[in-house]
Every structure is written in structure tokens, then in C-alpha cells.
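Take a look at the structure set out below.
The values are calculated or read from the model by the stated rules, or taken from the named source; none is laboratory data. Remember, it's a predicted structure, so these values are computed and weren't measured experimentally. Cβ: placed from backbone, ideal geometry, glycine included. Neighbour counts: every protein chain shown.
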């Protein structure tokens with residue numbers, strides 16, 4: 001987010017003139033970002049939510065944009081999963097979550113953490129003193145007290161890897177493709193076996209859209225179509241659950257190839273499917289569908305059923321940029 005009164009006025013005026021959006025949305029957006037400005041100013045000093053470093057775990061599995069009710073809906077399909085607990089996230093977007101999670105306050109814990117992340121915001125947050133998104137706010141904090149990448153005991157930014165659609169590390173569906181969650185699993189298994197750090201964070205970019213198993217273009221990245229009424233909430237929800245099962249299959253593989261007495265499965269934020277007019281996830285939203293996230297505890301034992309062989313993200317033939325990955329995810 002750009003902290004600029006002039007840009008906030010300019011964006012607000014442009015939004016008001018955009019007749020493709022509902023009038024109520026055009027009117028409320030400037031007011032919402034005044035609220036955001038106040039919220040960020042307050043939560044920078046007094047964070048709202050539970051920092052994961054204040055809980056007890058050896059391995060933490062982040063399912064990006066996973067809702068509590070979604071995980072509960074599929075928990076009976078997985079023996080390792082008991083989704084009966086939840087926490088309030090420190091953010092309703094990935095960059096908010098990183099801004100507050102990887103705070104200097106927790107430097108000693110972070111130095112003993114291996115972070116395997118498919119989330120592009122590692123670059124924007126960890127190398128630029130935090131990030132507040134792309135929209136402008138009239139005032140508020142422009143920087144956060146976040147650590148830099150070198151502060152981690154080990155870090156891999158998986159999103160830097162670039163694979164062709166026919167690669168085994170890509171999932172190419174009927175209407176679109178993206179990196180297969182197996183790539184995250186593979187690299188996490190390798191790190192879990194090789195790194196001496198006390199804690200491991202594995203950040204999957206699923207069930208976050210796009211949904212590569214979808215057979216309809218409107219369901220690949222469904223939220224614009226859902227907002228316009230071209231698809232139903234039920235259709236979007238079914239595609240979302242399919243994407244969730246897709247990553248949980250990989251979580252199951254990870255748990256069979258990792259030694260960790262205490263494993264927690266959670267999310268950085270949730271997802272909105274039309275609640276109070278909200279779709280996807282937006283900065284500073286207090287709605288439970290975005291702010292309440294699962295906290296499922298289990299354990300892991302390395303049964304050596306999988307041999308890691310995926311390439312390091314930095315060693316792939318061509319690496320991608322943060323901007324390209326954000327564009328693929330619909331942020332730019």
C-alpha cells in the first residue's frame with residue numbers, strides 16, 4: 001500500500017468514475033481505506049491476533065487462504081486431520097501475516113526456523129521492511145519491524161522457480177496451470193531431513209486460487225465470476241474444496257516423510273465467498289471468514305516413503321519475478 005493522501009484521493013476519484021463497479025462499492029471504498037489507515041496505525045503497535053510463535057510446534061504447515069469451515073468439511077477424509085480448533089490470524093492477507101509474524105520481537109525463534117515458502121510476498125515483506133499492498137491509504141505506517149531473509153536459520157523461496165507446463169512440477173489442467181503442490185512437499189521433505197533448525201514452516205500456496213483442476217474457465221480464478229453472478233457460490237465452493245483436497249494429499253505425504261513431534265496445520269488468512277459483499281481476501285478485514293483460521297495439531301514420522309529430488313528454486317533454468325507470480329495469482 002502506498003501511504004499518500006494525494007494518491008488516495010486520485011484512486012478514490014478514479015474508482016468513483018468506474019461504472020463497471022456497483023455504486024455502493026464505489027462509495028464505500030474510500031471510506032474503507034480510511035478505516036485501513038487507522039487499523040494499520042493501531043495494529044503496528046498493538047498487533048491483533050495470535051502470532052504462531054506464541055504457540056507450541058515443531059513444524060508449521062501453512063495452507064494459504066484456508067477457511068476453518070472448509071477444513072472441517074473435509075477432515076473426515078484424512079486420518080491425520082482433526083480440525084476442531086482455530087485462532088485469529090494476525091492478518092487477513094499474506095503480507096499482513098508476514099508483517100506481524102516475522103517481527104523483530106521473534107528474532108531468536110526465527111533464527112532457529114527453516115522457512116520453505118511458495119508465497120511471493122517473502123520478497124516484498126522481508127527485503128522491503130514490510131508491505132501494505134497496492135492500494136493507497138491517506139496515512140498510516142509504510143514500514144514494519146520485520147527481519148530480513150538472512151535472519152532465518154534457512155529459507156527457500158519456491159515461487160522463484162519457473163517450470164514449463166509439461167514439467168512434472170507443474171499441474172496443467174483443462175483451463176490453466178500452476179506449480180504443483182508436490183514441489184513444495186518435495187523441498188520441505190529435503191529441508192526437514194537436512195536442516196538442523198529447531199522449527200520448520202512449510203507455506204503451501206493452496207487452496208489459494210487459481211484452481212488448476214477446474215474444467216471451466218470461470219472456476220479457474222472464480223471470484224470475478226462469482227461477484228458478477230456468472231457462477232454460483234456452490235460451484236466456486238466445490239472448486240475450492242477440490243483445491244484444498246489437492247494440497248491435503250500432499251500434506252499427508254509430507255507427514256509420512258518428516259520427523260516432528262508437534263505439527264500444526266493452519267493458514268495465514270481465510271477467504272470470502274460473498275460474505276457482506278466481500279470476495280477473496282482484502283487487507284484489514286475483520287470478518288471471521290478471512291481472519292479466523294484453522295489450528296489442527298498432529299505429528300509426523302519419517303517413514304522414508306518418498307525420496308526428494310526436486311531442483312532448488314534458484315537452480316531452475318529460468319527463475320521468475322515476484323511481480324510475475326503476483327500477476328499469476330490475480331494481484332496485479
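Side notes on the structure shown:
- With respect to (1) surrounded by fewer than 24 Cβ atoms within 10 Å (Cβ to Cβ); (2) in contact (Cβ under 8 Å) with a residue 60 or more places away in the chain; (3) not in a helix (DSSP H, G or I), the lone exception for residue 289 is condition (3).
- Any hit, segment 264-278, residues being within 14 Å of the chain's Cα centre (by Cα), farther than 21 Å from residue 247 by Cβ and either at pLDDT 95 or above or surrounded by fewer than 21 Cβ atoms within 10 Å (Cβ to Cβ) (or both): no
- Scope segment 4-46; condition in contact with a strand residue (DSSP E or B) (Cβ under 8 Å, 6 or more places away or on another chain) and surrounded by fewer than 18 Cβ atoms within 10 Å (Cβ to Cβ); matching residues: 4, 7, 10, 34
- Enumeration of residues in segment 121-139 that are out of contact with any strand residue (DSSP E or B) (no Cβ under 8 Å at 6 or more places or on another chain) and under 17 Å from residue 314 (Cβ atoms): 127
- The lone exception for residue 159 - which of (1) in a helix (DSSP H, G or I); (2) touching a strand residue (DSSP E or B) at 6+ places or on another chain (Cβ under 6 Å) it fails: (2)
To keep it simple, each residue is scored yes or no on (1) surrounded by 23 or more Cβ atoms within 10 Å (Cβ to Cβ); (2) closer than 20 Å to residue 253 by Cβ; (3) touching a helix residue (DSSP H, G or I) at 6+ places or on another chain (Cβ under 9 Å).
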residue	(1), (2), (3)
162	no, no, yes
165	no, no, no
170	no, yes, yes
176	no, no, yes
180	no, yes, yes
188	yes, yes, yes
191	no, yes, no
194	no, yes, no
197	no, no, yes
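- The criterion of at least 1 residues that are under 30 Å from residue 260 (Cβ atoms) and without any contact (Cβ under 8 Å) to a residue 60 or more places away in the chain is met by the following helices (runs of 4 or more DSSP H) wholly inside segment 172-230: 181-194.
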